[in-house]
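Here the structure is laid out as structure tokens; the discussion comes afterwards.
The values are calculated or read from the model by the stated rules, or taken from the named source; none is laboratory data. Since the structure is predicted, the reported quantities are computational estimates derived from the model, not experimental observations. Here the Cβ positions follow ideal geometry from the backbone for every residue, glycine too, while neighbour counts run over all protein chains shown.
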Amino acid sequence: MAKKKEKKKTLKKEEQEQVQDVMEAQENEETLEQEDVKEEELSIEEKLTIELAEAKDKYLRLYSEFENFRRRTAKERLELTKSANSDLMVDLLPVIDDFERANTANETQDDIEAVKEGFGLINHKFFKVLEQRGLKPMDTSKGSSFDADLHEAIAQFPAEEEGLKGQIIDTVEKGYYLGDKVVRFAKVVLAS
């Protein structure tokens, strides 16, 4: 008997659950029908207005992201330039120290050869630091050919020899490369 009562209770619960499921399904169908009716009620203009608003929002977000990216990269570039300059300055500090020691020693130095040798050593050290950073001098020796992409002709003089016409006969200011890029054009005198 107890089993029959439990079966009846179980059956009633199952029936109630089935009824609830059917009612929930009907409510969901009604909700979906109402949403479909609402979508149908929206006119083409309203749909386009909504799409336009979404597109504008997307555009503004993308534009803001791009502006933030641009600002961030510009800031990073400035910081990189500052740090690159500071590294060079740190490398040049020993050369400055050598110049100061040389000036102090020159006040009491009578031997001109020692002064020349000291400044020659400092000059060599200075150019070694710059070469380590990628600076290279241009070859503008007498008789080398003129290249308008590398040299700037500031004067022309008659050629001493016939084979020197159009060639470099003197260098007024050396030119330099930084890596493969010309950072200063050589100022030269040409033979005409």
Does Leu92 qualify as being part of a helix (DSSP H, G or I), closer than 30 Å to Phe126 by Cα and modelled with pLDDT of 85 or more? yes
Tally of residues being exposed (fewer than 10 other Cβ atoms within 10 Å of the Cβ) and assigned to a loop (DSSP other than H, G, I, E, B) across segment 107-127: 4
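Considering only residues that are over 35 Å from the mean Cα position of the chain (by Cα) and either surrounded by fewer than 12 Cβ atoms within 10 Å (Cβ to Cβ) or over 27 Å from Lys128 (Cα atoms) (or both), which ones fall in segment 169-187?
Step one: of segment 169-187, the residues over 35 Å from the mean Cα position of the chain (by Cα) are 169-172.
Result: Ile169, single match.
Is it the case that segment 149-165 has a residue that's among the basic types (Lys, Arg) and either within 30 Å of Lys181 (Cβ to Cβ) or assigned to a strand (DSSP E or B) (or both)?
Step one: of segment 149-165, the residues among the basic types (Lys, Arg) are 165.
Okay, now just the ones that are also either within 30 Å of Lys181 (Cβ to Cβ) or assigned to a strand (DSSP E or B) (or both), so none.
No, segment 149-165 has no match at all.
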Could we say that Glu45 is surrounded by 10 or more Cβ atoms within 10 Å (Cβ to Cβ) and of a type in the set (Asp, Glu) here? no
Looking at this structure, is Ala53 assigned to a loop (DSSP other than H, G, I, E, B), surrounded by fewer than 11 Cβ atoms within 10 Å (Cβ to Cβ) and not hydroxyl-bearing (Ser, Thr, Tyr)? no
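Listed residues Arg77, Arg101; which is more than 33 Å from the chain's Cα centre (by Cα) and either outside any helix (DSSP H, G or I) or surrounded by 10 or more Cβ atoms within 10 Å (Cβ to Cβ) (or both)?
After ruling out the rest, the residue left standing is Arg101.
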Looking at segment 168-192, which of its residues are modelled with pLDDT of 85 or more and of a type outside the set (A, V, I, L, M, F, W, C)? Asp170, Thr171, Glu173, Lys174, Gly175, Tyr176, Tyr177, Gly179, Asp180, Lys181, Arg184, Lys187
